Amino acid sequence: MTYHTKRRMLIGLASTTALLGSLLASGVYSQAATLTLEQRQSARQGATALPQTAQAPQLPTEQHFWDALALEPRDAWSRLRASFQWQESLDEPRVQQWIDHYRASPNNIVEITERARPWLAWIVEQVEERGLPGEIALIPFVESSFDPTARSHRGAAGLWQFMPGTGDALGLRRARGYDGRLDVVASTGAALDYLELQADQWYEGDLELSLAAYNAGAGTVNRARRNAVAQGHAGDYWSLSLPRETMNYVPKLKAIAAIINDPDQYRVALPEIEDAPAFAKIPVHRPLGLDEAARLSGASRGELAELNPALGNGTAHPGQARVLLVPADRAETLMARLETPASPAGSGEGTYVVQSGDSLSAIASRQGVSVSQIRQANGLNDDLLQPGQVLDLPRESLASR
């Protein structure tokens, strides 16, 4: 079950673009050759039965092909199924055991997959772009039940359940009311990087072994692998003696993927989830509170808080969160209003542009309001300001002018 990641291809080949071009060309020509051979065989077999005027069967026109393709349902689930790569070897007893376990509680599957609604389409995109098996997109089902705020008793947190030390090593910052492990965008990138890195570094591209190491640690898996090889076993995931949780980790992932691949067979009704990501990413160039973002975008603060669980203090700072997630249909409005030039100080337009050396207390004193009023009007949870930041002035300050 070896998978050659992009890093491996970059190391071994001078041009990834050339490689992809060659593979695509090879795939097209191979398919064309196969179709031609089948047609020839069919023609030879039916030659004696066909009259001289009979015409060979015609392949569908290009227009007919695209018309037929357009009729296929397109949602997040169908896109995920199209990227599955591990659905041909499900007869392993541990996989069957977990299929039986999951199918015994179909309502639980529905509840968890419903929780995946904001995240699924975007995560599938990230997995697809890397050419990874689609089953990888379901790791949050196994790890956190698709709850980005989930925390384990051992200290793991987020959709991908990173321990603090691992998160730190992967650049998931934790400071001043921000936990990168709860940042869905940042943690998803870190998790996929981590799986690819381990597969390349330790396991010759074997993602099943990398998944085991993701769960138990590379040291545990490497020792188990050495012991298995010493005893004459293959040294693949299925031949290792590992902690119980890790022995069940890959089977769980394959089991839930099998059910999602054919929900009718297992009598599971999956929620309808659109193929397009449910959120958009807004670059954070200055401190941006959820209250301010809600007011500017028209989304509710609750919606924004659910999409940005890493913001424990309710404010995105550029040194921590690179992006703020907002509902996709609110992104254009927010971007436009953030880019609208603010009025300079004292212009009477109800805003104040923070200057170098300004403090919240000094601004409050000059505007004739309290610090708490400015905080409340701008969704601020601390006194940190950035030059160029635009503050809304409370009505009291406007009335005093």
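Can you tell me the order of 274-280, 263-269, 315-321 when each peptide is scored by its average per-residue count of other Cβ atoms within 10 angstrom, highest first?
315-321, 274-280, 263-269
Pairwise over distinct Cα atoms, reciprocal of the mean inverse distance: report the Kirkwood radius of segment 242-352 in Å, one decimal place.
Numbers: mean 1/r = 0.0576 Å⁻¹.
Answer for segment 242-352: a Kirkwood hydrodynamic radius of 17.4 Å.
Rg and Dmax of segment 105-148 over Cα atoms: what are they, in angstrom?
My reading of the Cα-based Rg and Dmax gives 10.7, 32 Å.
In segment 59-214, how does Rg compare with the Kirkwood Rh, expressed as the Rg/Rh ratio over alpha carbon atoms?
Using Cα coordinates only, the ratio equals 1.02.
Round to a whole number: what % of the accessible area of segment 202-279 belongs to carbon and sulfur, probe 1.4 Å?
On the way: 1550 of 3510 Å².
Ligands and nucleic acids excluded, carbon and sulfur reach 44 percent.
For segment 246-310, what's the radius of gyration and Dmax over Cα atoms, in angstrom?
Every Cα atom of segment 246-310 included, Rg and Dmax give 18.6, 51 Å.
Could you list log10 I(q)/I(0) for segment 288-388 at q = 0.10, 0.13, 0.24 Å⁻¹, which the Debye formula gives when each Cα is one point scatterer?
-0.29, -0.49, -1.43
Can you give the local net charge around Arg295? Use residues other than it whose beta-carbon is closer than 11 angstrom to its beta-carbon, Lys and Arg +1, Asp and Glu -1.
Value of the local net charge: -1.
What are the GluC sites (Glu not before Pro) within segment 167-242 that DSSP puts in a loop, where the Cβ has at most 13 other Cβ atoms within 10 Å?
Within segment 167-242, the qualifying GluC sites (Glu not before Pro) (loop, at most 13 other Cβ atoms within 10 Å) are Glu204.
Can you give me the Kirkwood hydrodynamic radius for segment 197-274, using every pair of distinct Cα atoms, in Å to one decimal?
Final number for the Kirkwood radius of segment 197-274 is 13.9 Å.
For Ser89, what charge total do you get from the other residues with a beta carbon under 13 Å from its beta carbon, if Lys and Arg give +1 and Asp and Glu give -1?
Net local charge, Ser89 excluded: -4.
For segment 98-188, just the Cα atoms, rotate onto the principal axes and tell me the three extents in Å, largest first.
Taking max minus min along each principal axis of the Cα atoms, segment 98-188 gives 42, 33, 21 Å.
Where Lys and Arg each count +1 and Asp and Glu each count -1, what net charge lies around Leu311 among other residues with Cβ under 12 Å from its Cβ?
Neighbour charge sum, excluding Leu311 itself: -2.
Quick one: how many Å² of Ile99 are accessible to a 1.4 Å probe, rounded to 10?
0 Å²
Sorted by accessible area with a 1.4 angstrom probe, largest first, how do Arg286, Arg154 fall?
From most accessible down to least: Arg154, Arg286.
Need the C-alpha centroid separation for segment 90-161 versus segment 255-320, integer Å.
Going from one Cα centre to the other spans 16 Å.
Quick one: accessible surface of Met247, probe radius 1.4 Å, all protein chains present, in square angstrom to the nearest 10.
Surface accessible to solvent at Met247 totals approximately 50 Å².
Grab the alpha carbons of segment 132-283, take their convex hull, and tell me the volume per residue in Å³. Intermediate results must be reported in sequence, preceding the final value.
Details: hull volume 21.8 nm³, N = 152.
Looking at segment 132-283, the number lands at 143 Å³ per residue.
The values are calculated or read from the model by the stated rules, or taken from the named source; none is laboratory data. Only a predicted model underlies this, so the values are computations on that prediction, with no experimental measurement involved. A quick note on method: Cβ atoms are made from the backbone with ideal geometry, for glycine too, and the neighbour counts reach across all protein chains shown. For accessibility, only protein heavy atoms count, side chains too; no ligands or nucleic acids. Shrake-Rupley method; radii C 1.70, N 1.55, O 1.52, S 1.80 Å.
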